[in-house]
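Structure, as structure tokens:
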Amino acid sequence: MDRWQNRVAVVTGASSGIGEACCKDLVAKGLIVVGLARREERLKQLKESLPADQQPRFHIRKCDVSVEQQVVDAFAWVDETLGGADVLVNNAGIARDSQIVKADNSADMRAILDTNVLGFVWCTREIFRSQQKRNVTDGHVVVINSIAGHKVPIMPNFSFNMYSPSKFAVTALTEVLRQEFLQKKTQTKITSISPGAVDTEIIDERVRVNFPEFPMLRAEDVADAVSYCIQTPPNVQIHELTIKPIGENF
């Protein structure tokens, strides 16, 4: 991680779960981290929970990644305040308890696409454009994908509705962006990390009730994977990393 010391990383969805774990891990390893999330109070609590010597390296910014202008403003702030970011952890994602065929579900379906797909697009576009302006060619974009972005799991009486299609889009976008980064003649890497079930707020409560022994990863397991991917040598790019908890039967 030596080459990332005192360089800036942006983590989206930083107020809980995987995003929170990534912020803690990256700050502890010497990066300057900007946590983006809608829940500013949770970000403040996260900052206060860090050891005193790490708090100055953690910055917070309220941002809903589904709103393009908020993303543009957030990355402009990072450029102006911290000189720009070189690492992006696209973690922000949502799920909704619904079905594709359910009446009056348009708000939920659009919210999933706006956050999980377009939020990823806006954030990646802004950090890459910043890196281009600063002649940074060795950045790294990580996106927290899902096993549901490669195969739709079957669970009794449960629908992955627009969530799984949104993650399939993330899988495709990872390859599209890899090609675009290459066309721009940069060494910028992109990595999709696809975990199985992770014990975070996104897990539907019915899953916890109906499957009390349901195996899940910890948020810290995924944060460890992020660190593993960004510390690879310059000639190594982990394009896709799948992580499953022991005992998963999807």
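The values are calculated or read from the model by the stated rules, or taken from the named source; none is laboratory data. This structure is a prediction, so every number in the text was calculated from the model and none was measured. Because the Cβ atoms are built from the backbone with ideal geometry, glycine has one as well, and the counts that use them run over all protein chains shown. Note: areas computed on protein heavy atoms with side chains; ligands, DNA, RNA excluded. Shrake-Rupley method; radii C 1.70, N 1.55, O 1.52, S 1.80 Å.
Go through TYR228, TYR163 and list them by solvent-accessible area, largest first, probe radius 1.4 Å.
Largest accessible area first, the list is TYR228, TYR163.
Quick check: convex hull of the Cα atoms in the chain, volume per residue, rounded to a whole Å³?
127 Å³
Give me the mean projected area, in nm² to one decimal, of the convex hull enclosing the Cα positions of the stretch 1-139. The partial results should precede the final answer.
Numbers: hull surface 35.2 nm².
It is 8.8 nm².
Please give the per residue accessible area of the chain, computed with a probe of 1.4 Å over protein heavy atoms only, in Å².
Per-residue accessible area for the chain comes out at 48 Å².
R0 = 25 Å: FRET efficiency of LEU113 with ALA76, Cβ-based, nearest 0.05?
After rounding, the FRET efficiency stands at 0.55.
Check ILE60: other-chain or 5+ apart residues with amide H under 5 Å from its amide H, H built from backbone geometry?
Under 5 Å from the amide H of ILE60: GLY35.
Kindly work out what percent of the DSSP beta bridges joining two residues of the stretch 126-250 are antiparallel, to the nearest 5.
The antiparallel proportion sits near 10 percent.
Just give me a number: lysine pairs in the chain, eight or more positions apart or cross-chain, with C-alpha atoms less than 27 Å apart.
Taking the Cα cut-off of 27 Å, the pair count is 29.
At a 1.4 Å probe radius, which order do ASP97, ASP2, ASP108 fall into by accessible area, largest first? Please list the in-between numbers first.
Values: ASP97 95, ASP2 135, ASP108 55 Å².
These residues rank, largest area first, as ASP2, ASP97, ASP108.
Just to confirm my numbers, what's the Cα centroid distance between the stretch 148-171 and the stretch 49-81 in Å?
Here the answer is 30 Å between Cα centres.
Using a 1.4 angstrom probe and counting only protein chains, how large is the accessible area of MET162 in Å², to 10?
That residue has around 40 Å² of solvent-accessible surface.
Which whole number in µm²/s is D for the stretch 76-115 by Stokes-Einstein, with the Kirkwood Rh taken over Cα pairs at 4 °C and 1.567 mPa s?
So the translational diffusion coefficient is about 100 µm²/s.
Full-extension gain between GLU41 and THR137, please, as 0.36 nm times their residue separation minus the C-alpha to C-alpha distance.
Fully extending the segment from GLU41 to THR137 adds 31.1 nm.
Using all Cα-Cα distances in the stretch 77-185, what percent lands in each 10 angstrom bin from 0 up to the longest?
13, 40, 27, 15, 5, 0
Pairing the Cα long axis of helix 163-183 with the longest principal axis of the chain, what angle in degrees results, from 0 to 90 and rounded to the nearest 10?
In the chain, helix 163-183 runs at an angle near 30 degrees to the longest axis.
If you fit an axis through the alpha-carbon atoms of helix 17-28 and take the longest principal axis of the Cα set of the chain, what angle between them do you get, 0 to 90°, nearest 10?
Computed tilt is about 20 degrees.
By how many degrees, between 0 and 90 and to the nearest 10, does the Cα long axis of helix 40-49 differ from the longest principal axis of the chain?
Helix 40-49 sits roughly 70 degrees off the main axis of the chain.
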